[in-house]
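The values are calculated or read from the model by the stated rules, or taken from the named source; none is laboratory data. Remember, predicted model here, so these are calculated numbers, not experimental data. Here the Cβ is made from the backbone with ideal geometry for all residues, glycine too, and neighbour counts use every protein chain on show.
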Amino acid sequence: MTSELKSLIESLIFVAQEPLSLEKLKNILSEFKEEEIMGSLDELEQVYAGDHHGIRIHRAAGGYLFVTRPDFDPWIKKMLHLDKKTRLSPAALETLSIIAYNQPLTLAEISAMRGVDSTHALKTLLLKRLVKITGRKKSPGKPLIYRTSNKFLSYFGLNSLKDLPTTEEIEKILEEEQPHE
């Protein structure tokens, strides 16, 4: 792989406002073969994977982006004056997990699964752009349909919804966290 192509891909990932997908990279770099692009991406990932860089190339939301090393978080937060992370309320987290695992869903379906009105939690998720409206259901009243967004994948460091833990994995984690008597 040419160092020029690696540098070019590095530049494109750096200036991208969201994870840069392989398809978009192939369209932009149409004069290069897919194998060359993939090889350069693999080499860049290896270069940035070491501890001698403050950033890494991370795959999320179906694309590539630069992220900082997690062990540098305290200094980055200090520089950006981030005293605390913005957290989602338990209701918003519950709503988000219901959508993630059962999408697409309407507000009525979400509220029925939670057993309470989910309007406020859903509005919060929409404002944070973790959830998006993807159309209307072909049923009486034509209610809006909700799905998780690419920002959801990126926020949680997932490449796709297939990366969500399975029910069995969650149960195993919860069992391990229970105090043993």
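Tabulated values for the structure
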{"item": "Matching residues, segment 101-120, being assigned to a helix (DSSP H, G or I) and among the β-branched types (Val, Ile, Thr)", "result": "110, 119"}
{"item": "Selection count, segment 131-181, where residues are exposed (fewer than 10 other Cβ atoms within 10 Å of the Cβ), in a helix (DSSP H, G or I) and acidic (Asp, Glu)", "result": "4"}
{"item": "Qualifying residue in segment 115-129 (condition: touching a strand residue (DSSP E or B) at 6+ places or on another chain (Cβ under 8 Å), touching a residue at least 12 places away in the same chain (Cβ under 8 Å) and crowded, with 16+ Cβ neighbours inside 10 Å)", "result": "yes"}
{"item": "Among the residues listed as 14, 32, the single one being closer than 28 Å to residue 149 by Cα and aromatic (Phe, Trp, Tyr)", "result": "14"}
{"item": "Only one of 18, 43, 35, 23 that is in a loop (DSSP other than H, G, I, E, B) and either among the hydroxyl-bearing types (Ser, Thr, Tyr) or modelled with pLDDT under 95 (or both)", "result": "18"}
{"item": "Odd one out for residue 113 among (1) over 23 Å from the mean Cα position of the chain (by Cα); (2) of a type in the set (A, V, I, L, M, F, W, C); (3) more than 14 Å from residue 97 (Cα to Cα)", "result": "(3)"}
{"item": "Residue in segment 46-55 that is over 19 Å from residue 156 (Cβ atoms), aliphatic (A, V, I, L, M) and out of contact with any Ser or Thr (no Cβ under 9 Å at 6 or more places or on another chain) present", "result": "yes"}
{"item": "All positions within segment 161-181 that are among the polar types (S, T, N, Q), under 22 Å from the mean Cα position of the chain (by Cα) and at pLDDT below 85", "result": "167"}
{"item": "Residue 53 being of a type outside the set (Val, Ile, Thr) and either part of a loop (DSSP other than H, G, I, E, B) or without any contact (Cβ under 8 Å) to a residue 40 or more places away in the chain (or both)", "result": "yes"}
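Residue-wise test of (1) of a type in the set (Lys, Arg); (2) farther than 24 Å from residue 63 by Cβ.
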position	(1), (2)
104	no, no
120	no, yes
128	yes, no
143	no, yes
159	no, no
162	yes, no
175	no, yes
